[in-house]
Amino acid sequence: MTLPALTRIQPRLTPLAALGLVLVMAGAVVWHLGRGETASILMNVVLAVLAGFVAYGRWRLRPISPRQAA
């Protein structure tokens, strides 16, 4: 998730990776609910919110410009 932003090569992949993590964490919440593991849900929700913050921030608030061609 951080490599495209750090290298500025294909920085549009950063919010897409973050969005993918949000989807994975949402699936993890459903998985833990189905198994009755309510203690694990809080960490999944926290990680989903953080990844959602990165996705929204890099998509709308402060997008990263790609590296200029030499």
Per GNM of the chain with C-alpha springs under 10 angstrom, the most fluctuating residue out of GLY57, GLY36, GLY20 is GLY36
The convex hull of the Cα atoms of the chain, divided by residue count, gives a volume in Å³ per residue of 66
The chain: longest segment with zero exposed trypsin sites (Lys or Arg not before Pro), where exposed means DSSP loop plus at most 16 other C-beta atoms within 10 Å, is residues 13-66
Length gained, GLN10-GLN68, 0.36 nm per residue minus C-alpha separation, equals 19.8 nm
In order over the range 44-51: 3J(HN,Hα) from phi, Karplus 6.51/-1.76/1.60, θ = phi - 60°, whole Hz, x for each Gly or Pro, gives 5, 5, 4, 5, 5, 5, 5, 5
In degrees, nearest 10, the alpha-carbon axis of helix 13-35 is tilted away from the dominant principal axis of the alpha carbons of the chain by 0
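Only the coordinates and a few stated rules stand behind these numbers; no lab work does. These numbers were taken from a predicted model, which means no experiment stands behind them. Note: ideal-geometry Cβ built from the backbone for every residue, glycine included; neighbour counts use all protein chains shown.
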